[in-house]
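Report on one structure; see the data block that follows.
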Amino acid sequence: MNSIAKLTLLSTLSIGALASTAHAQDLEITVTNLTQGIYFTPLAVSAHTSEISMFTLGQAASPELQAMAEGGDISGLVSLLSNADADVAENPAAGLLAPANSTTFELTNSDGNDYLSLTAMMLPTNDGFVGLNSWMIPEEAGTYTAFLNAYDAGTEANNELVTEGSGAPGVLGIPAAPGGMAGTGGTGVTTEESNQTIHIHRGNLGDDNATGGLSDANNTVHRWLNPVAKITIVVK
């Protein structure tokens, strides 16, 4: 259970007064991708206790978070959360969540699982992910909204090159560029990551050269400003 790191709340919140839940509640959750051209890989969403969380800003990523951030593999995080008796919604969008699209799903938080968290890799990025972590679920019924930022896992250099087979942890490159707007033949933006802890993502640099340049990311499609997602929670 403790291989999921403790964290500080990572999202920009727009919410009413919060209070800890004392009993199980039914939640209706909607996640909206606010970006122009970035896709989210399968979402991992969980209600859990205050004893666990998915990651810690300013600290090194766990192997499970690295697998999610570099290749979209949420199985390790889901396993850790499930083994800690968390309530988990695994891949509620049934695949990628495209730009400007939303997914709505139900989650019931058990007694004591008073905190809500979410992660998903962002494509095309090397190790970028959208995150909500340890948001306290209100006791009072109502509708609550949070706006979520993009984070860099700090585990891989942001070379911005789409490379087949690079989704495995430690293999440099972007595993895929959904939407078909990426270029080819880039030489690479960088081969180093100076900040190897979890931090706010700088965004894709990109370029306008479809068959060369530094980056395979398209600078008119694959750049973004925070926030990158909106989550609406209806507490019933």
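The values are calculated or read from the model by the stated rules, or taken from the named source; none is laboratory data. Everything numeric in this text was worked out from a predicted model, so none of it was measured. Backbone-built Cβ (ideal geometry, glycine too); neighbour counts: all protein chains shown.
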Gly131: passes all of (1) part of a loop (DSSP other than H, G, I, E, B); (2) under 20 Å from Val228 (Cα atoms); (3) not polar (S, T, N, Q) but (1)
All-but-one check, Leu214 against (1) surrounded by 16 or more Cβ atoms within 10 Å (Cβ to Cβ); (2) part of a loop (DSSP other than H, G, I, E, B); (3) in contact (Cβ under 8 Å) with a residue 60 or more places away in the chain; (4) out of contact with any helix residue (DSSP H, G or I) (no Cβ under 6 Å at 6 or more places or on another chain), failing number (3)
- Would the range 80-90 turn up any residue that is out of contact with any helix residue (DSSP H, G or I) (no Cβ under 9 Å at 6 or more places or on another chain) and without any contact (Cβ under 8 Å) to a residue 12 or more places away in the chain? yes
Quick count over the range 79-93, residues being over 17 Å from Leu148 (Cβ atoms), assigned to a loop (DSSP other than H, G, I, E, B) and under 14 Å from the mean Cα position of the chain (by Cα), is 1
Scanning the range 14-31 residue by residue, the ones that are closer than 30 Å to Asn218 by Cα and either surrounded by 21 or more Cβ atoms within 10 Å (Cβ to Cβ) or modelled with pLDDT under 95 (or both) total 1
Subset of the range 37-78, residues free of Cβ contacts under 8 Å to residues at least 60 places away in the same chain, part of a helix (DSSP H, G or I) and closer than 24 Å to Thr163 by Cβ, comes to Ser75, Gly76
Report task. Check the range 129-149 and report whether any residue there is hydrophobic (A, V, I, L, M, F, W, C), touching a helix residue (DSSP H, G or I) at 6+ places or on another chain (Cβ under 7 Å), buried (at least 20 other Cβ atoms within 10 Å of the Cβ) and modelled with pLDDT of 95 or more. Result -> yes
Do we have any residue at all in the range 94-103 that's closer than 25 Å to Lys236 by Cα, in a loop (DSSP other than H, G, I, E, B) and small (Gly, Ala, Ser)?
-> yes
